[in-house]
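In what follows, a single structure is set out as structure tokens and then discussed.
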Amino acid sequence: MKKTTYLMAILFAFYLQINAQSMVNPVSATTTYTGTYGTIIENTFNGVGLETPTSLTSNHDQTDEYNSFISTTVAGTVDFNLGSSYDIQGLSFWNQNDGGPATNFGVNSVAFFYSLDGVTYLPISGAPTTFLESAPGVYAPEQFTFTAVSAIYIRMQVLTNHGEPSGSGFAEIAFLGEPTPTVGIKDQKVTAFSMYPNPASNNVVVSSNYEKATIEVYDMTGKQVLNRKLSFGNNSMNVSALSSGVYLARFVSNNKIDTKKLIIK
Ligand SMILES: [Ca+2]
């Protein structure tokens with residue numbers, strides 16, 4: 001193969017790799033907010049207002065009651081349902097812009113969480129914690145990337161806005177990711193970690209396929225109850241202090257996050 005052909009092949013493979021990641025739109029959402037000005041939460045994920053509804057870099061039209069959401073309180077939570085499991089590794093966010101009522105309704109400080117069951121939510125490491133107030137005439141999104149998490153639900157908890165006392169608003173949100181790969185027999189060896197016995201009572205052997213990893217155990221309220229460093233291979237984890245019940249074990253290494261259910265007898 002000629003050198004240039006070889007180089008083109010590599011570039012093309014790289015291009016395919018990048019394009020495997022694409023826009024993931026929620027299919028529904030539930031929120032603690034009450035909408036006002038005739039706005040509905042669906043306006044923030046149905047693509048209405050985006051000049052190119054399939055693009056994470058598209059501009060969003062001037063915000064109005066038909067393409068954005070305004071709440072009656074500043075703080076609130078929105079749980080976006082992706083419909084099925086995706087490996088999410090980024091997001092685009094279009095804040096309330098100068099179409100109205102005013103840019104100071106825009107979302108300011110936030111916290112993002114992910115969940116596979118819509119009940120237990122864990123924090124997304126590296127997700128954005130603030131969004132800028134939109135400048136007049138600026139309708140482009142803020143874009144963020146983070147270490148991928150496998151999620152069916154993404155929670156955005158709004159803590160503050162940009163100064164308006166009567167409520168918060170934003171125009172659109174969309175996620176960057178790909179459908180979570182189904183683990184086949186040939187993929188078993190790339191599983192991040194395994195645990196046995198499970199159900200367990202006193203000790204769990206955690207087998208890690210990565211160097212320098214951590215396992216975090218959360219109870220069903222999302223509270224972390226154990227945190228332990230792992231080395232490659234088998235690690236013994238004492239769980240005798242945990243009461244009987246269902247827990248989530250979250251494995252974190254440099255490039256891999258994986259979550260499994262752990263049952264304590
Ligand atoms: Ca919109």
The one condition Val239 fails out of (1) under 27 Å from Tyr86 (Cα atoms); (2) surrounded by 14 or more Cβ atoms within 10 Å (Cβ to Cβ) is (1)
Inset, instruction - With respect to Gly90, determine if the residue is more than 11 Å from the ligand (Cβ to nearest atom) and among the small types (Gly, Ala, Ser). - result: yes
Checking Thr259, Thr182, Thr221 in turn, the sole residue that is within 30 Å of Pro26 (Cβ to Cβ), hydroxyl-bearing (Ser, Thr, Tyr) and in a strand (DSSP E or B) turns out to be Thr259
Condition set without any contact (Cβ under 8 Å) to a residue 40 or more places away in the chain and hydrophobic (A, V, I, L, M, F, W, C), scope the stretch 93-135, selection farthest from the ligand (Cβ to nearest atom): answer is Ile124
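Identify, from the list Ala213, Ala200, Ala192, the residue that is surrounded by 15 or more Cβ atoms within 10 Å (Cβ to Cβ) and either farther than 25 Å from Thr180 by Cα or charged (D, E, K, R) (or both). Before you say what the answer is, go through the steps one by one.
Details: Ala213 fails: either farther than 25 Å from Thr180 by Cα or charged (D, E, K, R) (or both); Ala192 fails: either farther than 25 Å from Thr180 by Cα or charged (D, E, K, R) (or both).
Matching residue, one of Ala213, Ala200, Ala192: Ala200.
Which of the following residues is assigned to a loop (DSSP other than H, G, I, E, B), on the phi < 0 side of the Ramachandran plot and more than 10 Å from the ligand (Cβ to nearest atom): Thr77, Thr63, Thr54? Give the steps one after another, and end with the answer.
Details: Thr77 fails: assigned to a loop (DSSP other than H, G, I, E, B); Thr63 fails: more than 10 Å from the ligand (Cβ to nearest atom).
Exactly one residue qualifies, and that residue is Thr54.
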Gly163 at pLDDT 95 or above, within 30 Å of Val217 (Cα to Cα) and surrounded by fewer than 22 Cβ atoms within 10 Å (Cβ to Cβ): no
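The values are calculated or read from the model by the stated rules, or taken from the named source; none is laboratory data. Predicted model, so just to flag it, every value in this text is computed and none were measured. Note that each Cβ is placed from the backbone with ideal geometry, even for glycine, and that neighbours are counted across all protein chains shown.
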